[in-house]
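Taking it in order: structure first as structure tokens, then the write-up.
The values are calculated or read from the model by the stated rules, or taken from the named source; none is laboratory data. All figures in this text were calculated on a predicted structure; none of them were measured in a lab. Every residue, glycine among them, receives a Cβ derived from its backbone with ideal geometry; neighbour counts consider all protein chains shown. Ligands, DNA and RNA are excluded from the accessible area calculation, which covers all protein heavy atoms including side chains. Shrake-Rupley method; radii C 1.70, N 1.55, O 1.52, S 1.80 Å.
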Amino acid sequence: MLRTIFSQSSRVITQSAFTGARALSASAVSRDKVLMVLYEAGEAAKEQRLLGCKENALGLRGWLESQGHTVVATSDKEGPNSEFEKHIEDAHVVITTPFHPGYVTADRIAKAKNLKLCITAGVGSDHVDLDAANTKNIGVYEVTGSNVTSVAEHVVMAILCLVRNFVPAHEMIKKGEWKVADVAKASFDVEGKVIGTVGCGRIGYRVLQRLQPFEPKELLYSDYQPISKELEDAVGVRHVSLEELVAKCDIITINAPLTPETRGLFNKELLAKCKKGVYIVNTARGAIVDTQALVDAVESGHVAGYAGDVWFPQPASRYHPWRIMPRHAMTPHVSGTTLDAQTRYANGVKDILTRYYAKEPQQPQNIICEGGAILSRAYSKTGKIETKVSDSGA
Ligand code: NAD
């Protein structure tokens, strides 16, 4: 039986015979230790809408403490003596963001004797070792759809920055220079180009919707969950293999989760199969692209430019080679953490916690792992919760 559920972001998820949305048994209804790993904001934390920082603790500290829980919010997450390492041993719930991810590795899961719940304040749960979480029946949830529009807007911005050669033009102005030819010699229109997305879920589809008015020559996508013909026609996109996509595209945007299949997907071999002069925008995860292979491809000119906001690990080392490679438009991981998005993912985390403590089923679209299995089809081809994109989702 098919069931249609409208998600928080007006996206539609079609769920095939899904029976797994049962309530998790909350072993301790009160007095849980809730560990939040969030970026440090310092002075910026005075902006109360900056909910996703350690200081503002997603706006949930008072609410959780009023129910008897202990809240530990830290940005100190690396190494054996970090606060994260210390507190995960007896934490019941870990909440983190992809922007400053607390990596919930198999080693950490092994020593986390109380851990029942990992929540991503945002989208993308690759910072959790999902197989290890499943061995201990730890629920893994994210706030699906919470920042997909924010990211899609960033992708379009990044494409324009690369194709129009914006970054050198801007830097030139700040340096007091005026060399029109130096910018114009590598500046093109988006109109008339072939553009493809690897992954056509919530973000990928929104990127296509936003690119269609630029009148590209063709829009392509590769995904093992093809969207409906109706949705394809609505944006004028064609489903192709990854090989065809990379061979044909002038501009590639990567919008798939980081999984064993996508880790290192854009390696030396795949980059070599890309059209010469391709622009690549990756706001999905840094580890989908091989660090050195990309540097080599950009330096040789095979890749005309690279942009995005995702790195591995995060924060990126100050010596990360992508910081200094030619023709890039990289930023820190910010695309999905606009103030608008922060409100949505903070509310979403509260909804997940409310359901957990009330022993109510989670919203299916938010479930990555539950009952010892990966249920999200975006993370596993055998996952039960299928992802579909609705026309009304933009
Ligand atoms: P989604 O689940 O709606 O869509 C992901 C799509 O990728 C699915 O359709 C899935 O079938 C497809 N996919 C999975 N493996 C694939 C593969 N090997 N090849 C092609 N397609 C594949 O997720 P979304 O909301 O669109 O987000 C996508 C990813 O973007 C997230 O998993 C996350 O890593 C990243 N993200 C980044 C930010 C940011 O701030 N930079 C914010 C949100 C999400």
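Quick look at the numbers
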read-out	value
Diffusion coefficient, µm² s⁻¹, Stokes-Einstein with Kirkwood Rh over alpha-carbon pairs of region 147-330 at 25 °C and 0.890 mPa s	148
Selection of chymotrypsin sites (Phe, Trp or Tyr not before Pro), region 266-357, meeting DSSP coil and at most 15 other Cβ within 10 Å	Tyr319
Choice from Thr259, Thr343, Thr382 showing the highest fluctuation, given a GNM over the chain with Cα pairs closer than 10 Å	Thr382
Positive minus negative residues near Ala304 (Lys, Arg vs Asp, Glu; Cβ under 13 Å)	+4
Distance between modelled label sites at Arg263 and Thr354, nm, 7 Å Cα→Cβ extension	3.6
Relative contact order (%) - criterion: Cα under 8 Å, at least six apart; region: region 147-330	20
On Cα atoms only, tilt of 202-211 relative to the major axis of the chain in degrees	30
Estimated FRET transfer efficiency when R0 is 51 angstrom, pair Ser82-Arg164 (beta carbons, to 0.05)	0.75
Simple label model, 7 Å out from Cα along Cβ direction - Phe312 to Asp182, nm	3.6
Order of exposure, largest accessible area first, which applies to Lys217, Lys136 with probe 1.4 Å	Lys217, Lys136
Where labels lie 7 Å past Cα in the beta-carbon direction, separation of Asp340 and Glu230 in nm	2.6
Magnitude of the charge dipole, the chain, Cβ model with Lys/Arg +1 and Asp/Glu -1, debye to 20	340
Coil-residue GluC sites (Glu not before Pro) of region 88-153, DSSP, other Cβ within 10 Å capped at 14	Glu89
Amide proton proximity set for Leu220, modelled H, under 5 Å, gap of 5+	Ile195, Gly196, Thr197, Arg238
Selection from Val180, Ala247, Tyr379 lying farthest towards where the dipole of the chain points positive, charges on Cβ	Tyr379
Cβ-based net charge around Met157, under 14 Å, with every Lys or Arg adding one and every Asp or Glu removing one	+1
Helix 291-300 axis, angle to the chain major axis (alpha carbon atoms, nearest 10°)	10
Whole-Hz couplings from phi, Karplus 6.51/-1.76/1.60, listed for region 72-82; x for Gly and Pro	10, 10, 9, 10, 7, 10, 9, x, x, 9, 6
Cβ-defined net charge surrounding His92, 12 Å radius [Lys, Arg +1; Asp, Glu -1]	+1
Alpha-carbon centroid distance for the pair region 139-156 / region 82-116, whole angstrom	22
Dipole in debye (nearest 20) - region 147-330, about Cα centre, beta carbon charges: Lys, Arg +1; Asp, Glu -1	440
Those residues of region 80-95 whose amide nitrogen sits under 20 Å from the label point placed on Arg31, 7 Å along Cα→Cβ	87-94
